[in-house]
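The values are calculated or read from the model by the stated rules, or taken from the named source; none is laboratory data. This one's a predicted model, so the numbers in the text were calculated from it and none came from an experiment. All Cβ positions, even for glycine, are placed from backbone atoms using ideal geometry, and neighbour counts span all protein chains on display.
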Amino acid sequence: MTVPAALRELEKIEMIRRNNGRYRLDYAVTRKQKTILSSFGLDENDIHSNAEEIGNLLANNKSLMDSESQQMEEEDGEEEIYFYD
């Protein structure tokens, strides 16, 4: 499988908003997608847990970036600053 074909296959993993306002995966993860994900050490459970976390953030009008930065601050207590030349 080529890289562009693998990316197209992974782009098919999408979330939709249901009637109750919650976001869920639109389709089940296919065998091809599972094979590609396993190359990165991921499995179907990882996709479902990430989708659930994203759905919860969207339901609470938060962004994933806010969640990650807050989690990083809680872990080490300091905010990291990057400088680029």
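Restricting to the stretch 1-39, name every residue that is farther than 21 Å from residue 60 by Cβ, in a loop (DSSP other than H, G, I, E, B) and touching a helix residue (DSSP H, G or I) at 6+ places or on another chain (Cβ under 9 Å). Correct list: 1, 12, 13, 28, 29, 30, 39. Filter the stretch 40-85 down to the residues that are in contact with a helix residue (DSSP H, G or I) (Cβ under 8 Å, 6 or more places away or on another chain) and outside any helix (DSSP H, G or I), then identify the one that is modelled with the highest pLDDT. Filtering the stretch 40-85 for residues that are in contact with a helix residue (DSSP H, G or I) (Cβ under 8 Å, 6 or more places away or on another chain) and outside any helix (DSSP H, G or I), the one modelled with the highest pLDDT comes out as 43. Of the residues making up the stretch 17-46, those that are touching a Leu at 6+ places or on another chain (Cβ under 7 Å) and hydrophobic (A, V, I, L, M, F, W, C) number 1. The C-beta contact set for the stretch 33-60 (first residue surrounded by fewer than 15 Cβ atoms within 10 Å (Cβ to Cβ), second residue part of a helix (DSSP H, G or I) and of a type in the set (A, V, I, L, M), distance under 7 angstrom, 6+ apart or interchain) comprises 43/37.
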